[in-house]
Amino acid sequence: MTGYLVRRAGQMALTLFLIVTLTFFLVQAQPGDYATFYALNPDIPAEVREQIKASFGLDKPLWQQYLVHMKNTFTGNFGVSFGHFPRPVMEVIGERLPRTVVLFLSATAVSFYVGFFLGKAIAWRRGGVLEYAATISGATLFTAFTPAFALMMIWIFAFKLGWLPIGKFLDPLIWRGAEVSANHIFSYMLLTAGAFVVFAFLALLATRKIGRFGTGRVPVLLIGLGAVAIPIAWAFTGVGYLALDILRHMILPIATLTLISFAGTMLLTRNSMLETMREDYVMAARAKGLPEKVVRDRHAARNALLPVITSLVYSLIFAIDGSVIIEGVFSWPGTGLTLLEAVRSEDLPLVMGAMVFIGLFSLLAHVIVDVLYVYLDPRIRYH
Amino acid sequence: MSGPAGGDALVTVDGLTKRFPIAAGMFRKPTSFIHAVDDVSFRLGSGESLGLVGESGCGKTTVGKLLVKLQEPTEGSITYRFPAPSTGGHLAGSVDAANIKGRQLRVFRRQVQMIFQDPYESMNPRRAVYDTIAEPLLVQGIGDVQDRLDRVSEILNLVGLTPAGAFLFRRPHELSGGQRQRVAIARALVIGPSFVVADEPTSMLDVSSRTGIMSLMQELADRLGIAYLYITHDLAVARYMCHRIAVMYLGKIVEMAETEELLRNPLHPYTRALLSAVPSPDPMRRRDPPDILGDLSLPVDPPPRCRFYERCPMATDRCAADVHPPSEEKAPGHWVACYEA
Amino acid sequence: MTTVDNQPVLRVVDLSLDYLTRQGPVQAVQSVSFELGRGQSLGLVGESGCGKTSIANCLMRLLPDNGQLTAGQVVLEGQDLLLLSDEEMRHFRWRRMAMVFQAAMNALDPVYRVGQQIVEAIEAHGVEETVADARERSARLFRMVGLDPQLMDRYPHEFSGGMRQRAVIAMALACDPAVIIADEPTTALDVIVQDRILRELKAVQQELRMGMIYISHDIGVVAEVTDRIGVMYAGRLVELGDTADVFRAPMHPYTAALMSSFPSISGEKHELETLPGEPPNLANPPAGCPFHPRCAYATEECRQEFPPQAQRGSQWAACWHPMDGADVVMDMQDKLDIIG
Amino acid sequence: MIERPPNQPPTAGEGSSLFGDVPEIDLSRGRVDLALVRLRLAWRTLRDGWSIFVESRIGLLSLAIIGVFALMAFSHPLLMATVWTPDVYDPVTGYAFDQFDHPASPTWRHPLGTDSLGRDILSQLLFSARSEFILGITAALVTVGIATTVGAVAAYYGGLVDSLLMRLADLIIALPGISLLIVLSALFSLNLFYLALIIGVLGGFGGTAIILKSQALSIRVKPYIEAARAAGGGHFHVIFVHIIPNLLPLSLLYMMFTVTGAIFAEAVLSFLGLLDIRMSWGIMIHTANVGGYLLGGTEYWWLIVPAGASITLLCSAFYLVGRALDEVVNPRLRRHDG
């Protein structure tokens, strides 16, 4: 297991190296010279320009530039953004990355859960009305033209119904008198969410150790309790309304991203279920007289989960791409929007930086999926 | 170890060994090996049939694949002595199977063929019976389309799929298991081999089609003068199909004798255990449980002592200390590799 | 031979099953009737596709969506299982009638520990109160089938084929069933392992005085483990009798053909008979006796009408021209036991 | 004992009753036309596959939708050559002189109205359909051509070739495709053909290659591959006669998915204004977005709905046809009734 993780980490480093190389040479191959972009930017004072040139080795031959670029990338120096001058690329991304991660993680978690739940339901009752409805609406949403769909969501829920804000990260009117920064509140929100996940996990683990039959509801109860306690705790901090504002801004992008991506998991789960349902152990579970729900969830769906997890990599990449588009439409200031803005304004250092981080992000997702798979499949876990 | 076939053996196998490395990682050299076939020697005369019997994982299929050159041996030699060819384009005289490559290998395949175990998986599901049987002719470049069609029809009649026209363009899923195995036999025989390795051709068939295939193989072997190595886990089937039987255990041949001699007078403790484990269709007969210890394990880097040591009910200190016993002729033509036999 | 109670633990009457396919209904099981005494073992033999496994599935009421029971009763300890609701049947399964599956590898869920899968069955039927008791019980069962209870916390892929088959047998015994159905439990195993499993299965069955239905295509195996034997052909039970009687003097020509095509390692090497043709297509079975196209004795009435049961003692065959004792294929006197 | 000559083989008559119509060849009538027989066999396979495909009503409906779009693609040049005059109806340079205000709502002469530059929406829609087909099918052919070869070769040879190809595939699937394309289109000027090529190559060496390779691997270990080698067949013979034909059904399936992906990617990039393409559905929405008509809701529906619906419909139609094909290709997904 540790050997596997070490090997996987090695592979990941190599892939990251290749991504950095690829972006470097793509930028070099494009028509126009990288150095002149700096030279032509009127925002940058002459002496800073020289300094940048020197630190990036822009006056040296290509292969030396490449080496310098490599070194800079892996020491976290992506240079200075043209568009956000004089902020370094690293700082711009450092501020925006958590926002993307939150958007992406919550949408992925919700869509995975919804997709898996629906997928196993339509496979179990094959040929029902639910199957037709879920397949058609799921596939339509999955292949829907994301920008148009996102705009439609905004139009319905923000314009017509006025339930939710139109876009962006927060409402300046609410934040006018606030003494804390949005980043500060946001990081505390992240901490709370993280703590809750840990708590839920421990609750599950603890009840498993009880050793009596019929304790399945205990963790659900505990987790529900936690879910109620958190908002109450936030209400007492006095900045709860600010957190609520951020939350309100998150709902629509997350809902949109969830809607476009749940079908991938759903349809995969359906096919995977149809295959596991033919397995002898599902027949054996039935023969043992287990309740249908147990046969479905503990045996058929549990095994159907494995190939779905393998393909989760593709869904994750799909969701990363989706979040780039969604961030663009909702003006959600994350890495994706940063990439789009940088591309439009030809802010090359920021393009490279954002691309490397999006690549890193998808690599991490990849590795997490692999580890999850290893954890879920004892046949691999013990080898 | 050698067989009774004398000087005019068609196949002479000497010290045949195949070790499979256990993957250790991308850049590390494997340090562990599965000793699938270990120092196996025997001879087979033309027109003779030898049964290779053993439990799954004993290396019998690997021996078969080595003989038809689907795998390359780690050590040892396989020598064929083909009779003078009746048709052109066949190899004649002594051929060292280790050293043939390229075009020669292709010609070699005209004389040495294999029948596979699984009638469901040994045929490309998208290709019709004709394509499957004509494949050897096609890749060997024999005849034109009409010749091949004639030859395939002829061989279909020979294996009892008549009228041939009704079978030529069926796909495998349109045939029963027995019919499929007949097609597999036809594919092996269409090119006129003098030696065929049959890897459990009946183990996946029902009783009633099994006997049909067994008799067909015997009949064709007699008529066409084909020698074959019959690989099986079923001693009863080997009894009906083979002149001689060799019993394999974990990569070694532990006993070899004329069929009836082996069944009546088994000398190796493993052969005895194997024989006494076969259920009897006679409900009146009470069998004793086979005298054998433990379970079969993979031969990964086995110690040099007798392979059967761990499971042998009559093992002695000598068996533990010495190398795997050499094969000795205890009775005319009856070879055993055991110190205590 | 075991003593048999008078009251049968399982009675199957006139069981018929169709599979609905594109080609129309396929009559997989037709009017099959038999009884199984307490502590008795009944073998069902026949070639693949003859309906053996379908019968097992009918008894457990585990049919695929397109399977349709058209007639019959399955009476287990006085209760007709076919009249129960799905939920009632669920409680009957495994509690009173359990199954040893054909492919043990596939009958164990790969993602759970073997012990857990036995505990699960015990939990579902409330046989024990706590996890600890259930584990205790599983450990006992493991010992009974010759497995080390420490292996309970291993995963199926860590077991060898023989160990898996033992675990599946232990699982079948989890709730003290009155009947176990063993569907080709040793088919994929080597002879030496097969021999051990058969001995253990037989011993456990006799010790717990369970009824056992043993399904196999291998008449050698069936001869060794069963008291009575039923021969199936094309979805019908064509012969039923005490194992010794059926082997000594089969009444149905199909039974005789099956036996004479079975190679044996003991005794004189008798000529193997080849049964011509193929089993019939059950979507479109021949009229009359389904065996008539392949039968040497077929006459006009065989082609017209399904034969009545010809009785001889406790043995019967569905045949117009049952064979008498003189037709015995395997002459026991010839058989010298060369091993013992 | 049964009186019967031993060894009597099963006869054809009994066998064929099991399976219905099997092409029977009368050998007594001299030469057999192999090509004709093969044609009949292929026809039968097609018919059997079709009969499973039509069981999926969704698949059939989707196929019909694709057919309608194909008709649309064909109708544009026809209409331009007959009733539509280029100066009014050209999708890019045309101008509807009969209207004063643009965008104009639908009229008889312009059934879907005009855009903010006075161009006929229907003409744009029909013209774009053709580009989408060209793009989608080119990308799909490139992807599947590469992926099938890569998959078969990697699975057959294994070893170093396999390792290199699969690491490359891992690298490609680790890159989020749309993000990469956004960067590429910012750095280089991409037209329809280059876009198709890039999508095709990325797909072909990426995820599709991995899937086809794992399928090829399961074919490679089948005994019939060994049988072909024992018959004397070389590497080329085994790969092209046994492995690739058995991969083709799955390749066809992934062609459908690639078409979906390519059309989708094009639409997104066009919507972001990053592509050098004359006209496409994505550009139509881009134009509406630039003009600020998108959040106008239902008022200017003809600027968004036809193009947006076309993208979604065609994408999901190809996707659902792919899924229906999956049920044909993968017998384990079929119902228990065959």
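If C:G161 satisfies every condition in (1) facing another protein chain (nearest Cβ under 9 Å); (2) within 26 Å of C:E88 (Cα to Cα); (3) surrounded by fewer than 21 Cβ atoms within 10 Å (Cβ to Cβ) but one, which is the exception?
The single condition C:G161 does not satisfy is (2).
So which of B:A257, B:A273 ends up being hydrophobic (A, V, I, L, M, F, W, C), under 18 Å from the mean Cα position of the chain (by Cα) and not in a loop (DSSP other than H, G, I, E, B)?
So the residue among B:A257, B:A273 that is hydrophobic (A, V, I, L, M, F, W, C), under 18 Å from the mean Cα position of the chain (by Cα) and not in a loop (DSSP other than H, G, I, E, B) is B:A257.
Hey, any hits in region D:29-44 for a residue that's under 29 Å from D:T312 (Cβ atoms) and among the aromatic types (F, W, Y)?
Within region D:29-44, the first condition is being under 29 Å from D:T312 (Cβ atoms), and the residues that meet it are none.
Within region D:29-44 (the criterion being under 29 Å from D:T312 (Cβ atoms) and among the aromatic types (F, W, Y)), the answer is no, since none of the residues qualifies.
Which of the residues belonging to region D:191-232 are of a type in the set (F, W, Y) and touching a residue at least 12 places away in the same chain (Cβ under 8 Å)?
Selection gives D:F193, D:F205, D:Y224.
Quick check: is even one residue across region A:209-218 assigned to a helix (DSSP H, G or I), surrounded by 12 or more Cβ atoms within 10 Å (Cβ to Cβ) and modelled with pLDDT under 80? Explain how you work it out, then say what you get.
Here is the first cut: in region A:209-218, the ones assigned to a helix (DSSP H, G or I) are A:217-218.
Then drop every residue that is not surrounded by 12 or more Cβ atoms within 10 Å (Cβ to Cβ), which leaves A:218.
So of that shortlist, the ones also modelled with pLDDT under 80 come out as A:218.
Taking every residue of region A:209-218 in turn, at least one turns out to be assigned to a helix (DSSP H, G or I), surrounded by 12 or more Cβ atoms within 10 Å (Cβ to Cβ) and modelled with pLDDT under 80.
Here is a yes/no grid of residues against (1) at pLDDT 85 or above; (2) not hydroxyl-bearing (S, T, Y):
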{"residue": "B:Y120", "(1), (2)": "no, no"}
{"residue": "B:I133", "(1), (2)": "yes, yes"}
{"residue": "B:T162", "(1), (2)": "no, no"}
{"residue": "B:Q181", "(1), (2)": "yes, yes"}
{"residue": "B:V190", "(1), (2)": "yes, yes"}
{"residue": "B:S194", "(1), (2)": "yes, no"}
{"residue": "B:T202", "(1), (2)": "yes, no"}
{"residue": "B:D206", "(1), (2)": "no, yes"}
{"residue": "B:M217", "(1), (2)": "yes, yes"}
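Among A:S323, A:S311, which is the only one that is surrounded by fewer than 22 Cβ atoms within 10 Å (Cβ to Cβ) and either of a type outside the set (F, W, Y) or in contact with a Ser or Thr (Cβ under 6 Å, 6 or more places away or on another chain) (or both)?
Only one candidate qualifies: A:S311.
Checking the condition touching a helix residue (DSSP H, G or I) at 6+ places or on another chain (Cβ under 8 Å), among the aromatic types (F, W, Y) and closer than 21 Å to B:A36 by Cβ, which residue from B:Y270, B:Y240, B:Y339 passes?
B:Y270
State yes or no: is C:G146 buried (at least 21 other Cβ atoms within 10 Å of the Cβ) and at pLDDT below 90?
Values: buried (at least 21 other Cβ atoms within 10 Å of the Cβ): no; at pLDDT below 90: yes.
Considered against the rule, which asks whether it is buried (at least 21 other Cβ atoms within 10 Å of the Cβ) and at pLDDT below 90, C:G146 comes out as no.
If I go through region A:89-100 residue by residue, how many of them are touching a Phe, Trp or Tyr at 6+ places or on another chain (Cβ under 7 Å) and not aliphatic (A, V, I, L, M)? Spell out how you get there, then give the answer.
So in region A:89-100, the residues touching a Phe, Trp or Tyr at 6+ places or on another chain (Cβ under 7 Å) come out as A:89-90, A:93, A:97-99.
So of that shortlist, the ones also not aliphatic (A, V, I, L, M) come out as A:98-99.
Adding up the residues that qualify gives 2.
Those residues that are crowded, with 20+ Cβ neighbours inside 10 Å, of a type outside the set (A, V, I, L, M) and facing chain D (nearest Cβ under 7 Å), I need them from region B:98-116; list them, please.
Taking region B:98-116 and keeping what is crowded, with 20+ Cβ neighbours inside 10 Å, we get B:108-116.
With of a type outside the set (A, V, I, L, M) added as a condition, the list becomes B:108-111, B:113, B:116.
Of everything in region B:98-116, those that are crowded, with 20+ Cβ neighbours inside 10 Å, of a type outside the set (A, V, I, L, M) and facing chain D (nearest Cβ under 7 Å) turn out to be B:R109, B:Q113, B:F116.
Output yes when any residue across region C:303-312 is hydrophobic (A, V, I, L, M, F, W, C), away from every other protein chain (no Cβ under 11 Å) and not in a loop (DSSP other than H, G, I, E, B), and no when none is. So that I can check it myself, show each step before the final result.
Start the filter on region C:303-312 by keeping residues that are hydrophobic (A, V, I, L, M, F, W, C), which leaves C:306, C:310.
Narrowing the set further to residues that are away from every other protein chain (no Cβ under 11 Å) leaves C:306, C:310.
Remaining after also requiring not in a loop (DSSP other than H, G, I, E, B): C:310.
Yes, the conditions are met somewhere in region C:303-312.
Do you know which of the residues in region B:324-341 that are buried (at least 18 other Cβ atoms within 10 Å of the Cβ) and in contact with a strand residue (DSSP E or B) (Cβ under 6 Å, 6 or more places away or on another chain) is nearest to B:E261 (Cα to Cα)?
B:H334
When only residues in region A:171-187 that are part of a helix (DSSP H, G or I) and over 19 Å from the mean Cα position of the chain (by Cα) count, which is surrounded by the most Cβ atoms within 10 Å (Cβ to Cβ)? Spell out the reasoning first.
Within region A:171-187, the subset part of a helix (DSSP H, G or I) is A:172-175, A:182-187.
Remaining after also requiring over 19 Å from the mean Cα position of the chain (by Cα): A:172-175, A:182, A:184-185.
Details: A:P172: 8, A:L173: 8, A:I174: 14, A:W175: 16, A:A182: 18, A:H184: 13, A:I185: 21.
Only one residue tops the list, namely A:I185.
Kindly state which strands (runs of 3 or more DSSP E) lie completely within region C:1-92 and contain at least 3 residues that are polar (S, T, N, Q).
C:24-37, C:67-76
Tally time: how many residues in region A:146-167 are exposed (fewer than 14 other Cβ atoms within 10 Å of the Cβ) and outside any helix (DSSP H, G or I)?
3
Yes or no: A:E279 under 18 Å from C:P64 (Cβ atoms), surrounded by fewer than 24 Cβ atoms within 10 Å (Cβ to Cβ) and facing another protein chain (nearest Cβ under 7 Å)?
Answer is yes for this residue.
Kindly evaluate B:R210 against the criterion of being among the basic types (K, R), outside any helix (DSSP H, G or I) and without any contact (Cβ under 8 Å) to a residue 60 or more places away in the chain.
no
Please work out if A:L105 is surrounded by fewer than 19 Cβ atoms within 10 Å (Cβ to Cβ) and within 19 Å of the chain's Cα centre (by Cα).
Judged against the criteria, A:L105 is a match.
Starting from region A:155-168, take each residue that is closer than 12 Å to A:R248 by Cα and list its partners that are among the charged types (D, E, K, R) and not in a loop (DSSP other than H, G, I, E, B), counting only C-beta distances under 7 angstrom and pairs at least six apart or across chains.
A:L164/A:R248; A:P165/A:R248
Quick grid of which residues meet (1) farther than 30 Å from C:M259 by Cβ; (2) modelled with pLDDT of 85 or more; (3) among the charged types (D, E, K, R):
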{"position": "D:P6", "(1), (2), (3)": "no, no, no"}
{"position": "D:E14", "(1), (2), (3)": "no, no, yes"}
{"position": "D:R29", "(1), (2), (3)": "yes, no, yes"}
{"position": "D:L36", "(1), (2), (3)": "yes, no, no"}
{"position": "D:R40", "(1), (2), (3)": "yes, no, yes"}
{"position": "D:L60", "(1), (2), (3)": "yes, yes, no"}
{"position": "D:P91", "(1), (2), (3)": "yes, no, no"}
{"position": "D:T107", "(1), (2), (3)": "yes, no, no"}
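For region C:265-282, check the following and say yes or no: at least one residue is touching a strand residue (DSSP E or B) at 6+ places or on another chain (Cβ under 9 Å), touching a residue at least 60 places away in the same chain (Cβ under 8 Å) and not aromatic (F, W, Y).
Scanning region C:265-282 turns up at least one residue that is touching a strand residue (DSSP E or B) at 6+ places or on another chain (Cβ under 9 Å), touching a residue at least 60 places away in the same chain (Cβ under 8 Å) and not aromatic (F, W, Y).
Only residues in region C:92-111 that are at the interface with chain A (Cβ under 7 Å from one of its Cβ atoms) and over 11 Å from C:I181 (Cα atoms) count as the first member; pair them with residues that are small (G, A, S) and surrounded by fewer than 24 Cβ atoms within 10 Å (Cβ to Cβ), Cβ under 6 angstrom, at least 6 apart or cross-chain, and list the lot.
Close Cβ pairs (under 6 Å, with a partner that is small (G, A, S) and surrounded by fewer than 24 Cβ atoms within 10 Å (Cβ to Cβ)) amount to C:R93/A:G289.
Any idea which residue in region D:244-285 is farthest from the chain's Cα centre (by Cα), counting only those that are hydroxyl-bearing (S, T, Y) and farther than 22 Å from D:R323 by Cα?
Keep residues of region D:244-285 that are hydroxyl-bearing (S, T, Y), which gives D:251, D:254, D:258, D:260, D:270, D:280.
From what is left, the residues that are farther than 22 Å from D:R323 by Cα are D:270, D:280.
Details: D:S270: 21, D:S280: 19 Å.
Taking the candidates together, the pick is D:S270.
Is it true that A:R99 is of a type in the set (K, R) and within 30 Å of A:A354 (Cα to Cα)?
yes
Look at B:L229 and say whether it is part of a helix (DSSP H, G or I), out of contact with any Asp or Glu (no Cβ under 7 Å at 6 or more places or on another chain) and over 14 Å from C:P263 (Cβ atoms). Step through it out loud before you land on a result.
Working: part of a helix (DSSP H, G or I): no; out of contact with any Asp or Glu (no Cβ under 7 Å at 6 or more places or on another chain): yes; over 14 Å from C:P263 (Cβ atoms): yes.
No, not satisfied.
The values are calculated or read from the model by the stated rules, or taken from the named source; none is laboratory data. In this text, all values refer to a predicted model and were calculated from it rather than measured experimentally. FYI the Cβ positions are ideal-geometry reconstructions off the backbone, even for glycines, and counts take in every protein chain you see.
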